[in-house]
Structures are given as C-alpha cells and as structure tokens.
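For reference, the structure discussed in these notes is given below.
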Amino acid sequence: MADDPVRGTVRVRMAPSPTGPIHIGNVHTAMFNWLFARQRGGVFILRFEDTDRARSEARWEDVIYSELQWLGMDWDEAPDRGGPHGPYRQTERLDTYRQWARRLLDVGAAYECYCTVEELESERQAAQQEGRAYQYTRKCRDLTPEQRERRRAEGRVPAIRFAIPNDHVVIVDDMVRGRIEYPTSAIGDPIIVRPNGMPLYNFAVVVDDLTMHVTHVLRGEGHISNTPLQVLIYEALGEPTPSFGHFGHVTCGSGAKFSKRHGEGYIGFYREMGILPEAMFNYLALLAWTPGDDREILTREEILAEFDINRVTAAPSQFDLQKLLWINGHHIRRLPHAELVTRCLPYLQKAGLVAADPDEAAMGLVKGVVALERPRIETLEQITGATEYFFRDEIGYTPKAEKLLFGPGVIDGLREVRRRLAALPEWSIVALERAGQQLLDDTGLQAKAAYQPIRAAVTGRVASPPLFDTLFWIGRDRAISRLDLVVSGRELPKAAGAGPR
RNA sequence: GGCGCCAUGGUCAAGUGGUUAAGACUCCGCCCUUUCAAGGCGGCAACACGGGUUCGAGUCCCGUUGGCGCUACCA
C-alpha cells in the first residue's frame, strides 16, 4: 500500500531546530516517522526550523544528518538534497509565510495588531496582580482602517495575530491517543508574524506542512497543546488537515528532561562507547512499541516489517542504559566475526594497543582475541580493557590477582609451570591443554587450584577467557616472562584502572 | 492559576470486562563450568488513591493525587 486511500502518497517529516546536539527523544520520533514512511512507500522529509537565528548553527544540521545515517535511516527531501517542495529551511521560506499570512488577512482570519511589547507586558502584569489568567484583550481585532492608519502614522509597525473563533471545541483524532478535545476559549489570539516579518512557530509549521503536502504529523507529546491552534489555521486557510499522532517523550537520566547538552541524552555518547547502531535501533523501537509477542532482539528489517503505529503506547518512557547494553551484547554476538573485528579495530587502535596499519600477524592476534571476548563484552569499547594484556609487554596486577599469587605454595607451583611451558615442544592450544591435564595428573590438584594462579600470573587478573586459549594468544615469551616476574618475588605493578577483574 | 496529555514491579512493557496480572532488563539463588562471561532453571517485585457502572473492573465513567506539556513578538 504505497498510497493513502484518500490523500495519496504518505508524506511525513522530521522538523528539528538545529540548536544543539540532537536529543535521543527526537531520534526516537524521527525513527517512528521513518518506519511509517518506509513501510508505506512514503516520503520522509527533513526540514530545519531555524527561525531562532541566534541559536541555530549549520554544524547541528550536520550532526542530525550523521546521526540518522548512523542508524541507517535515509531521507527523501531535505536541504542537502533538495526536493520538489523546498526550500527546507524556514529562514529561506520567508516569502511563503508572507503570502499565506496575506491570505489569512484577506479572509479576515487574521488581523494587524499595533500593540507594543511594553503595552502587552503591562497588561500581562495587571492580569497577574488581579490573579486572573492573562489572555490578549483582542483590542486590535476590530480596528477601523482609520484607526490603523493613525497608528501607522505614530510609527508603529504591526504584528499579525490569528483570530481564534469563539466558543468552539477543536476535536483532534490522534493516531496514538484517540480523541482529544480542546476548547478555543483557552487560546488567546496568538501572534503569527512578528513586525519584522519573521513567522512564529505555530504558523510556520502549518505553512510548511501544508505546502510540503505532509499527510501525517507524527511528533512528541509536547506539541499536543499546539495542535488545536494549528488545526484552526488549516481550517481558516481552507486547506486539508493532516492526521496527527503524538508520541510520549523519551526521557534520559535522572529526571533531567531536556538536557540537550552532552551526556546521556546525546546519541553520539552511545556511539562512542561502542553501542552498535543496530542495537540502538532495536532498543529505541522497543520504547513505546512492541512487536506484539515476546521477542526483544530484532533486526532493522524485522522492525520495519512489523512496526505498527496502532501498537504504539501514549505513555512517556525512560531510557535505560542497562537494557540497551544487554541488547547490544546480543547484537555483538550475532555479528559475523569478521565484521565484529572490523568494528572493534578502531577502539583498539585508539587505545594504542594496535598500530594504525597492522600487519598480518597483528591482525591475526586481533581476530583471535576478539573471538575470545565476543561472548563477554557488552560494548565495542570494552574490547580494549578486556584484551590489553594480549597486546602489551608490561601488565598490571589487580588486588585480587595479587592476593591469589601470595597464597601458600603458589610460587613454587608457578615455578614448575614455568619450567613445563618453556619445555613445551609446540605452542598450540591442544598442546597447552595436554600439558594442563598432565599438571593435574602429576600434582593431584583440582583444576581451579592449579589454573587460577596461572591465570593471575599471566593476565594480572582473576578472570579471563578459558586459560589455554588465553595462554596461546599471550604467546610463550610473554607468558614466561610474566611468570618469571611473579616467581622472582619482586613487587608487581598495579593495574591501572580499578578494573574488577 | 487555566487548559491538555499521561498513570501496570526500580526500568521497558503485555493486557482492549472474567487471567494464578505475561515477558524482558536489573538484582538474588541454583545448574553448567578451570575463572569470568554466555546459556539453562528458579526467586524478589506492580494494576497511584477514592467513588461509581456492572453478576464481575488493571480494563468503562467521575473525582483526587502525581508527572509532563501549553498558556511568548521560543521552537
């Protein structure tokens, strides 16, 4: 179903203000818009609401493009690629707003208001002192042409106000929350165009959405209260009203609602820590939506095939890093191994563990150790901490490892281990396993008692992948020199980070 | 203050008048196991409150409370 039965092709949009790094919540609604469009063969539009010139910057537009790209979402019409209904930046559409404002004036649905900011402010304060809710008095609504002329002569430049119809209830059939009723008595006549010609948000969105033929306005719940006014403007203009749907907000961190600053609400924060885009996509899809059964780990394709706006919940939701990490772990484990290696490599290089242009041997080691850690890591970045002892000559020892190495009889045991490892005819996992078994047979020790000290001595920690794989990839020379150090009784270097292992 | 939206465990959530109120994350325990993970099994933990409607209410209605939003010459 490529087309909406009554309106033709589905057209949706994301309309952010480029005033800071895009918030997770906006990415979430962008994603639902994208899913809705792609599922129906529709069009996904990107438009920037940059009328707040002081705070809008081009670099934030780039951030938005790259975050969408990272998540695998594409767009059809936008400033960067044009489209039939552009331009796609509000500051480049001023003429259009002027034309539509003229039309509102002509049909008598809007009027010029000559009140000054100071006058309005004092009215507002008066209302506040009397304890009544302020609403514009509408005193410019019925100005005669002569009165308007007189004010102009005083040098006043008018703003344009929209005339809200009296005693009328606007009904919106919201796609995610059903019928919403809103009395017009709660809305004062709003200014829609400033004296300097700059349109205000609620007017500009309507003009943009109608001239871009947007069929479904899917956005955050913060816009619910704006919707009745917007519907009134569509009606006054005699233009068809799009369908509306309002998603609950996604909040991040402890209560802080709109922290657009760096940190938890910024999606790049998660990318940098090694969250896979497919995991982020998966997690975000599960916020306010479920496939209708118990599945939690889903691919982008599965989500695209099964997303259903009728199953989207209206309640707000809290972003939970723990669950994202769990989902990320699953996606890491389901990645083809070569692909996982490719994605881990930059993290290892950034940590200085692997050269910028690793040779074949280095890549062999990377592949080997990534395979060992694959079931253990939850983020790509964790690969560095988890595998550094495979790459460095010098390692640090955690308190737990140190304590274990000081246990009774441990040093003597390790001397014997060192001797056997040095004598091994072949350094392979099979040979190491055989030697390990031999050690148990000869000493009568339990595996745990025999192996943990070895692990601690060669890795500096008490937890690692299976011992013989670990030894194999550490290599004979490093393993032996680490054993020598431990056996020597010299003080062991401390592990840098307070890593638990 | 006025108006609007929202309300199931700590978190994400299933549920569309009749269920012992699913499932997942987190946490705890057990199994597996050379350690740590992964995996398997099990456990703790919820319908915000008060009234209705109904034979019967987490589900419908009203009110209260709480959270959020709008109430701008912000978006």
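The values are calculated or read from the model by the stated rules, or taken from the named source; none is laboratory data. Here the structure is a predicted model, which is why all the values come from computation and not from measurement. Heads up, the Cβs are rebuilt from the backbone with ideal geometry, glycines too, and the neighbour counts pull from every protein chain shown.
Quick notes on this one:
- Inspection of segment A:169-190 identifies no residue that is more than 13 Å from RNA strand B (Cβ to nearest atom) and aliphatic (A, V, I, L, M).
- Counting residues in segment A:82-97 that are part of a loop (DSSP other than H, G, I, E, B), within 16 Å of RNA strand B (Cβ to nearest atom), of a type in the set (D, E, K, R) and over 30 Å from A:R138 (Cβ atoms) gives zero.
- Selected residue (only one of A:I180, A:I192, A:I187, A:I171 is among the hydrophobic types (A, V, I, L, M, F, W, C), surrounded by fewer than 16 Cβ atoms within 10 Å (Cβ to Cβ) and under 36 Å from the mean Cα position of the chain (by Cα)): A:I171
- All conditions but one from (1) more than 12 Å from RNA strand B (Cβ to nearest atom); (2) closer than 23 Å to A:P493 by Cα; (3) assigned to a loop (DSSP other than H, G, I, E, B) apply to A:V417; the one that does not is (3).
- Some residue of segment A:327-334 being loosely packed, with under 12 Cβ neighbours inside 10 Å, more than 28 Å from A:F244 (Cα to Cα) and without any contact (Cβ under 8 Å) to a residue 60 or more places away in the chain: no
- Residue list for segment A:15-30, restricted to those being closer than 16 Å to A:D74 by Cα and either out of contact with any helix residue (DSSP H, G or I) (no Cβ under 8 Å at 6 or more places or on another chain) or of a type in the set (F, W, Y) (or both): A:N26, A:T29
- Annotation: A:A463 fulfils all but one of (1) away from RNA strand B (no atom under 13 Å from the Cβ); (2) free of Cβ contacts under 8 Å to residues at least 60 places away in the same chain; (3) surrounded by 13 or more Cβ atoms within 10 Å (Cβ to Cβ); (4) not in a helix (DSSP H, G or I); the unmet one is (1).
- Flag: A:E61 does not match the condition of being assigned to a helix (DSSP H, G or I), in contact (Cβ under 8 Å) with a residue 60 or more places away in the chain and over 19 Å from A:D209 (Cα atoms).
- From the options A:E388, A:E394, residue that is of a type outside the set (S, T, Y) and assigned to a loop (DSSP other than H, G, I, E, B): A:E394
Residue-wise test of (1) in contact with a helix residue (DSSP H, G or I) (Cβ under 9 Å, 6 or more places away or on another chain); (2) charged (D, E, K, R); (3) modelled with pLDDT of 95 or more; (4) closer than 24 Å to A:I24 by Cα.
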residue	(1), (2), (3), (4)
A:A314	yes, no, yes, yes
A:L324	yes, no, yes, yes
A:V341	yes, no, yes, no
A:L353	yes, no, yes, no
A:K367	yes, yes, yes, no
A:A371	yes, no, yes, no
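- Subset of segment A:431-446 that is modelled with pLDDT of 95 or more and within 8 Å of RNA strand B (Cβ to nearest atom) - its residue that is surrounded by the most Cβ atoms within 10 Å (Cβ to Cβ): A:G436
- The combined condition, being closer than 30 Å to A:D359 by Cβ, assigned to a helix (DSSP H, G or I) and not aromatic (F, W, Y), is fulfilled by A:R482.
- For beta carbons closer than 6 Å, sequence separation of 6+ or different chains, a first residue in segment A:481-492 that is touching a residue at least 12 places away in the same chain (Cβ under 8 Å) and a second that is outside any helix (DSSP H, G or I) and buried (at least 21 other Cβ atoms within 10 Å of the Cβ), the qualifying pairs are A:L492/A:Y397.
- Qualifying positions in segment A:191-222 - touching a residue at least 60 places away in the same chain (Cβ under 8 Å), more than 15 Å from A:A159 (Cα to Cα) and within 7 Å of RNA strand B (Cβ to nearest atom): A:E221
- For segment A:445-457, the count of residues that are among the aromatic types (F, W, Y) and farther than 20 Å from A:V369 by Cα is zero.
- Segment A:198-237, residues that are over 19 Å from A:I160 (Cα atoms) and not in a helix (DSSP H, G or I): A:M212, A:H213, A:V214, A:T215, A:H216, A:V217, A:L218, A:R219, A:G220
- Residue count for segment A:292-320, restricted to those that are more than 27 Å from A:H223 (Cβ to Cβ), surrounded by 13 or more Cβ atoms within 10 Å (Cβ to Cβ) and within 13 Å of RNA strand B (Cβ to nearest atom): 3.
- Complete set of residues in segment A:104-127 that are in a loop (DSSP other than H, G, I, E, B), touching a Phe, Trp or Tyr at 6+ places or on another chain (Cβ under 9 Å) and near RNA strand B (Cβ under 8 Å from one of its atoms): A:C115
- The residues listed here are A:Q135, A:Q99; of these, the one that is modelled with pLDDT under 95 and under 43 Å from the mean Cα position of the chain (by Cα) is A:Q135.
- Failed criterion for A:I180 (all others in (1) more than 30 Å from A:I309 (Cβ to Cβ); (2) part of a strand (DSSP E or B) hold): (1)
- Given (1) hydroxyl-bearing (S, T, Y); (2) in contact with a helix residue (DSSP H, G or I) (Cβ under 8 Å, 6 or more places away or on another chain); (3) more than 15 Å from RNA strand B (Cβ to nearest atom), index of the condition A:T470 fails: (3)
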